[in-house]
């Protein structure tokens with residue numbers, strides 16, 4: 001039997017039987033979960049040279065195994081990817097099964113599951129996970145829609161957000177066939193039972209696009225490209241000098257939710273950028289995974305048919321001589337059987353003006369507006385460095401009113417001193433009680449408001465209490481009863497409260513639970 | 001529309017309606033009473049017909065504005081459904097009558113889940129008459145375009161089609177395999193490849209298997225096709241393999257070699273030319289020019305290549321090829337030249353003269 005260490009050496013020559021035996025031997029343990037998750041990236045040598053069907057079956061069998069051994073967080077993006085964009089019944093069914101390996105709940109997956117029904121219902125088939133190559137007909141048949149409904153039933157009340165969409169599948173134009181109605185009814189009953197106030201998500205979250213300002217390799221920078229009009233140039237000639245967005249695709253992709261949709265969205269992104277006034281400031285491009293087949297004329301036709309308006313800052317490329325360098329340099333999620341792509345992920349990179357990777361969007365559908373927001377941030381000028389760190393400045397601001405209050409006169413002797421000084425400075429017309437008292441009250445109010453706002457974040461409510469006591473002392477001692485010591489004490493408490501309130505938060509902020 | 005035209009149309013509508021009702025009556029009798037279809041057709045006064053395709057009402061031209069069901073009595077749709085039901089379930093009725101009934105009234109169940117389930121069951125049941133099963137398969141093929149309900153029953157459809165892969169009837173096997181291949185079904189691809197590689201009993205002959213695999217560029221057949229082109233003695237299989245290799249850029253060298261090889265037949269070399277033009281247009285142009293000016297080479301092939309150059313190559317680059325243009329001009333003006341070659345040369349001149 002293949003050990004976990006040996007599995008890392010799985011490659012193009014590993015037989016399907018060996019892979020299946022390895023997956024069948026998996027048990028619920030962290031090491032096994034990690035080992036199986038490591039078989040999922042498209043670019044692993046395991047998939048090199050394998051046809052699309054073999055690749056699909058291996059990935060699906062691995063995904064389905066997570067129901068039994070537990071779904072690790074690194075595998076969650078693969079599951080959601082399949083549910084969101086998959087059109088192969090075996091893989092979508094496997095992803096729905098994998099979800100049931102979450103220990104607890106996976107509320108965020110509910111919309112993905114319902115979307116998957118729309119994607120797969122007209123591409124479904126009878127399948128089985130009873131063995132890697134089950135007999136035909138299988139002893140334990142299932143379907144992708146059946147597995148999705150089972151996953152929704154498993155989610156139960158955590159899928160309440162999608163209840164209306166599921167109810168629509170009972171009647172009318174969207175009605176599921178009779179054979180699926182019992183499973184749908186089961187899911188609906190489970191969702192309606194004992195609704196919780198807060199959905200549970202124990203499988204973690206799908207991380208937002210990671211930001212890694214990573215330089216591309218020299219080989220990528222020098223890669224030779226040819227665009228849709230046959231013009232030739234190097235990678236760095238196009239992808240430096242301005243920020244750019246580059247997606248990967250190929251014209252023979254058979255999944256309409258991947259390459260075709262990517263290019264349509266890219267056309268939408270270009271329009272979004274232009275509408276924001278960034279025409280000429282951000283470049284957009286798509287590079288084919290299939291440079292030998294995707295000749296310039298094919299690139300052009302594919303783009304035009306999806307709303308692409310080619311121009312200096314919107315081009316498609318192939319790299320017939322240097323595709324391998326680009327693939328390795330960017331770590332593309334793709335693999336091949338001879339010259340044909342056998343599997344790829346959705347991937348889009350945002351590059352800064354130096355051509356470094358500023359952000360990447362992989363697996364899940366990206367939103368043109370969100371990518372445009374990121375591109376806009378790259379275009380924004382860097383803020384001038386300040387003498388004070390920003391957080392220190394914010395803290396100091398809360399203390400200023402207290403200092404101002406401290407400086408204002410609060411007793412007869414102080415009044416005398418201030419008026420003398422004001423007379424010397426010609427300010428005697430300004431500084432009298434009728435002017436200062438409203439200012440004093442306003443500053444007191446401002447100080448307390450700022451302190452209260454900060455205390456909500458830092459959880460230092462004692463600062464607010466201290467300053468409130470100080471304010472009371474100033475008003476009572478300085479304005480009402482003319483007790484100087486009381487007003488001095490009030491000022492001291494005000495300053496003390498301001499200083500206490502400027503301290504850092506008592507405990508680190510907790511991330512919001514999803 | 002004139003009064004005469006209107007009256008003529010009304011007469012034709014009435015006639016079609018009568019024909020339709022007569023057909024339904026004949027079919028009801030045939031599938032319900034176990035009588036032969038011909039007997040029932042005689043009894044209803046309809047013409048005597050011997051072949052399935054000539055069932056009354058099927059061949060007769062129907063005026064364009066005749067509504068479905070012949071626009072006859074409101075219960076026509078119900079009668080059609082009932083006839084279809086009997087055709088699918090009645091084991092006493094003759095096979096010919098059941099098949100004829102299904103041919104004429106099968107559309108009535110295209111949105112019925114139960115009806116489609118029965119249709120698929122008959123199609124997959126080796127115990128049912130082959131004639132009826134072929135008609136059921138034909139009906140399913142029609143429903144693939146017209147029935148929303150069948151779209152939702154894809155799992156059942158694929159399962160039923162897979163049972164045909166081992167059917168003794170070649171038409172059922174081949175048509176079932178074709179429908180699955182168009183769906184890019186994994187099981188049929190595995191079976192076809194296994195049969196081509198000699199690892200199992202083939203479902204269909206090699207040429208047909210290659211053709212079916214060609215529906216999915218992602219099927220794992222390309223390395224095997226290279227072998228078949230290199231070594232097979234089956235001419236049809238080689239031709240089909242060459243055609244499918246038009247999706248494989250790595251086959252450019254192999255295709256060019258075949259194109260230039262005078263020992264290969266014109267059919268094979270022509271197939272290689274078409275495939276090479278798709279996968280490596282510049283490579284194709286280079287070889288096509290060389291063959292086009294070679295008076296010792298096959299005339300039909302030269303004709304095809306000259307026409308292809310005129311159609312696909314860049315006219316600006318063709319104008320620069322003095323040798324090619326002189327040769328084409330000579331051929332175009334030579335009344336004694338091979339007729340296809342001469343026509344191709346003249347067509348080439350016309351297209352090139354038009355410019356880019």
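Read-outs throughout are calculated quantities, based only on the coordinates presented, and are distinct from any laboratory measurement. In this text, all values refer to a predicted model and were calculated from it rather than measured experimentally. All Cβ positions, even for glycine, are placed from backbone atoms using ideal geometry, and neighbour counts span all protein chains on display.
Rounded to the nearest 0.05, what FRET efficiency is calculated for residue A:441 and residue A:469 with R0 set to 22 Å and r the Cβ-Cβ distance? Plugging the Cβ-Cβ distance into 1/(1 + (r/R0)^6) gives 0.85. Size of region B:266-313: Rg and Dmax of its alpha carbons, in Å, are 9.5, 27. Taking the Kirkwood radius as Rh and the Cα radius of gyration as Rg, region B:144-257 has a ratio of Rg/Rh equal to 1.02.
So if we plug the beta-carbon distance of residue B:326 and residue B:283 into 1/(1 + (r/R0)^6) with R0 = 22 Å, what FRET efficiency do we get, rounded to 0.05? My answer for the efficiency is 0.40.
Which percent of the Cα-Cα distances in region A:214-253 go past 15 Å? Tail of P(r) above 15 Å: 51 percent of Cα pairs.
Helix B:154-163 sits at what angle to the longest principal axis of chain B, using alpha carbons and giving 0 to 90 degrees rounded to 10? Once rounded, the angle reads 80 degrees.
Cβ-to-Cβ counts within 10 Å put A:495, B:279 in ascending order as A:495, B:279, the fewest first.
For residue A:434 and residue A:168, the difference between the fully extended length at 0.36 nm per residue and the C-alpha to C-alpha distance is 88.8 nm. The calculated P(r) of region A:271-378, using every Cα pair and 5 Å bins from 0, goes 2, 10, 19, 23, 22, 16, 6, 2, 0 in percent. The angle separating the long axis of helix B:339-354 from the principal Cα axis of greatest extent in chain B is about 80 degrees. When all alpha carbon pairs of region A:122-166 are counted in 10 Å bins from zero, the resulting P(r) reads 26, 39, 25, 10 %. Taken along the Cα-to-beta-carbon direction at a fixed 7 Å, the label points for residue A:136 and residue B:12 span 4.8 nm. Sorted from longest to shortest, the spans of the Cα atoms of region B:203-279 along the three principal axes equal 34, 24, 17 Å.
One chain, two ends: residue B:199 and residue B:113. Fully extended at 0.36 nm per residue, the span grows by 27.1 nm beyond their Cα-Cα distance.
Debye-formula intensities of region B:282-338, expressed as log10 I(q)/I(0) at q = 0.15, 0.16, 0.18 Å⁻¹, are -0.38, -0.43, -0.55 (one equal scatterer per alpha-carbon, no solvent). Taking the centroid of alpha carbons for each part, region A:1-46 and region A:319-384 are 28 Å apart. In terms of overall dimensions, region B:73-207 has a Cα radius of gyration and Dmax of 15.7, 58 angstrom. Between residue B:91 and residue B:340, the modelled labels are 5.6 nm apart [label points 7 Å from Cα along Cα→Cβ].
Please grab the % of Cα pairs in region B:223-324 that end up more than 16 Å from each other. That fraction is 52 percent.
Per-residue mean of foreign Cβ neighbours for A:49-61 is 3 (Cβ atoms of other chains, 10 Å radius). For region A:226-291, compute Rg over Rh where Rg is the Cα radius of gyration and Rh is the Kirkwood radius from the inverse mean 1/r over Cα pairs. So for region A:226-291, dividing Rg by the Kirkwood Rh gives 0.99. For region A:100-200, rounded, prolate or oblate, judged on the Cα gyration tensor with a ≥ b ≥ c (square roots of eigenvalues), a/c < 1.5 rounded, else prolate if a/b > b/c? Since a/c reaches 1.5 but b/c is at least a/b, the shape of region A:100-200 is classed as oblate. Look at B:203, A:126 and count the other Cβ atoms within 10 Å of each Cβ; fewest to most, that gives A:126, B:203. Taking a ≥ b ≥ c as the square roots of the Cα gyration tensor eigenvalues, with a/c under 1.5 meaning rounded and otherwise prolate when a/b beats b/c, else oblate, which class fits region A:206-327? It comes out rounded by the Cα gyration axes. The order of B:91, A:179, B:246, going from fewest to most other C-beta atoms within 10 Å of their C-beta, is B:91, A:179, B:246. With a ≥ b ≥ c taken as the square roots of the eigenvalues of the C-alpha gyration tensor of region B:198-241, please select rounded if a/c is under 1.5 and otherwise prolate if a/b is larger than b/c or oblate if it is not? Taking the square roots of the gyration eigenvalues as a ≥ b ≥ c, region B:198-241 is rounded. If the segment from residue A:489 to residue A:365 were pulled out straight at 0.36 nm per residue, it would be longer than the present Cα-Cα gap by 38.5 nm. Computed from the C-beta positions of residue B:231 and residue B:166, the FRET efficiency with R₀ = 25 Å rounds to 0.30. Taking every alpha-carbon pair within chain B, the share separated by more than 33 Å comes to 52 percent.
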